[in-house]
Amino acid sequence: MTTDDTAGAKGGNAIRRLIVAGVIIALAVWFILANTEAVSVKLWLFKVETPMWIMITVVFLAGWAVGALLRRRSAKKRA
């Protein structure tokens, strides 16, 4: 295998990742736009009423943050 073949495979993986990320983001935006009615969420001591798209966005960002923290921790363990 030549150096060019290896570089091409890495470039293909990057493009594939971008496509998958784009599809996931497009689906998330579509889901958010389809769910715009207000929802009520009860937290331990109080109740929050907000449009569902805000709640979905908050949960998405929280999940992303947890994933980023776990990925960083995993990378430190491997090093």
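Nothing in this text is a laboratory measurement; each read-out follows from the coordinates by a stated rule. None of these values were measured; they are calculated from a predicted model.
Take the alpha carbon gyration tensor of the range 17-79, find the square roots of its eigenvalues, order them as a ≥ b ≥ c, and report rounded if a/c is under 1.5; if not, report prolate when a/b exceeds b/c, else oblate.
On the way: a/c = 6.52, a/b = 1.41, b/c = 4.61.
Because a/c hits 1.5 or more and a/b fails to exceed b/c, the range 17-79 counts as oblate.
Counting only residues 5 or more places away or on other chains, whose amide H sits under 5 Å from the amide H of V39 once H atoms are built in the peptide plane?
Distant-sequence amide H within range of V39: T50, M52.
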